[in-house]
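Have a look at the structure below before the remarks.
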Amino acid sequence: MIRRLPDGRWFVDVEPQKGKRFRRTFKTKAEAMRFEAKKRLLFSDPSYQDIRDIKDIRLLSEIFTDWFNLYGHSLRDGKRRYTALQAIASAVGDPVASEFTGVQFAAYRSERLAAGLSPKTLNNHLGYVKAAFNELKHLEHIAYENPVIGVRPLRLQERELSWLTTEQIALLLREVKRSENPHVEIITLICLATGCRWSEAHSLTLDKIKNNSVVFVGTKSGRVRTVPVDTKLLARLRKHLERYRTMPYSLSAFNRALERTGIVLPKGQASHALRHTFASHFVMQGGNILVLQKILGHSTINMTMRYAHLAPSYLIDAVNLSPLNSFNFDSLTTDN
């Protein structure tokens with residue numbers, strides 16, 4: 001018997017064999033029906049064994065392969081995740097997955113951290129392992145709990161976002177214009193005009209120019225994003241794409257142009273500084289932070305809030321709301 005409870009959950013009461021009765025509650029009716037069917041099959045077919053009654057001796061690498069075949073292959077970065085998961089399995093000695101522990105992962109993380117791997121990369125690895133076990137548990141492909149569920153990510157030191165001043169933008173544009181690569185200038189301009197990533201700009205094609213806007217597909221978040229563009233720049237982009245059709249990846253040409261300017265940016269923030277520059281100038285000129293979230297395609301507002309401190313009202317409040325605001329600075333003295 002399956003019935004719905006007042007709180008919305010589903011209750012199963014099944015007795016597939018006299019004296020063998022099972023009762024459980026589930027969030028969905030599908031889960032309840034699956035549980036009832038398994039219990040009836042368990043007692044009607046002697047050859048059937050519930051996964052909970054079988055000692056699972058599959059290795060960690062095998063479990064990760066199952067994850068990829070069952071689900072991971074459908075992810076945009078599935079192959080990259082799978083490669084990382086297999087490397088993790090090898091690094092920890094490829095134990096039986098059901099005996100793998102959070103302590104083993106923590107030890108792996110400590111070793112890799114000491115070897116120079118960044119905390120952010122190791123947090124990504126933890127996320128991949130957690131997600132793989134969670135998905136396999138959801139699919140009822142494993143019967144045990146996620147072994148790394150209690151492992152917390154490393155605390156990261158927030159990096160300062162690098163953005164270009166108006167003078168630096170002008171200097172950069174002069175250098176990209178000098179580039180022998182025919183695509184680097186227009187890609188740079190699109191990044192500065194829309195806040196898109198370099199990979200999103202270089203993937204644009206003529207059919208992605210619509211209604212005075214550009215449409216970005218294949219984005220990091222997987223969502224399609226439409227951003228309006230100045231009509232003159234859009235006309236220039238259309239003319240460029242009519243001539244070349246596609247814009248091959250030109251990041252190395254951009255990096256050379258950036259180097260010629262003498263502008264120094266933190267490691268890993270070369271072309272991405274264009275995205276930060278758009279966002280920073282947008283906020284500094286009074287742009288709405290929620291609108292910026294939509295333009296940049298951030299899945300949560302937390303990412304966008306990194307730029308909030310640049311808002312004019314924020315900067316003014318830093319002075320007006322200071323605890324020293326009521327003091328007369330001329331009357332303040334400093335002890336020598």
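The values are calculated or read from the model by the stated rules, or taken from the named source; none is laboratory data. It should be emphasised that the depicted structure is a prediction, and the values quoted were computed from it without experimental measurement. Backbone-built Cβ (ideal geometry, glycine too); neighbour counts: all protein chains shown.
Taking first residues from region 225-239 that are without any contact (Cβ under 8 Å) to a residue 24 or more places away in the chain and partners that are small (G, A, S) and assigned to a strand (DSSP E or B), the Cβ contacts under 6 Å between residues at least 6 apart in sequence or on separate chains come to T226/S213; P228/S213.
Within region 151-165, the presence of at least one residue that is more than 30 Å from A270 (Cβ to Cβ) and either free of Cβ contacts under 8 Å to residues at least 40 places away in the same chain or not in a helix (DSSP H, G or I) (or both) is confirmed. The helices (runs of 4 or more DSSP H) located wholly in region 4-98 that include 1 or more residues which are hydroxyl-bearing (S, T, Y), at pLDDT below 80 and loosely packed, with under 11 Cβ neighbours inside 10 Å occupy 29-44.
The residues of region 174-186 that are in a helix (DSSP H, G or I) and buried (at least 16 other Cβ atoms within 10 Å of the Cβ), listed by number, are E175, V176, V184, E185, I186.
Report the residue count in region 137-150 for those that are touching a residue at least 12 places away in the same chain (Cβ under 8 Å) and either under 21 Å from the mean Cα position of the chain (by Cα) or over 15 Å from S61 (Cα atoms) (or both).
8
Residue pairs whose Cβ atoms lie under 9 Å apart, separated by 6 or more positions or on different chains, with the first residue in region 204-220 and touching a residue at least 40 places away in the same chain (Cβ under 8 Å) and the second polar (S, T, N, Q) and assigned to a strand (DSSP E or B), are F216/T226. Figure legend. Inter-residue proximity from region 32-43: first residues more than 8 Å from P16 (Cβ to Cβ), second residues modelled with pLDDT of 75 or more and among the basic types (K, R), beta-carbon distance below 7 Å, spacing 6+ or different chains. Indicated pairs: F35/R24.
With respect to (1) in contact with an Asp or Glu (Cβ under 6 Å, 6 or more places away or on another chain); (2) over 18 Å from I57 (Cα atoms), the lone exception for L161 is condition (1).
Here is a list of conditions, (1) within 30 Å of M303 (Cβ to Cβ); (2) touching a Pro at 6+ places or on another chain (Cβ under 9 Å), and T101 meets all of them except one; can you say which number that is? Failing condition for T101: (1).
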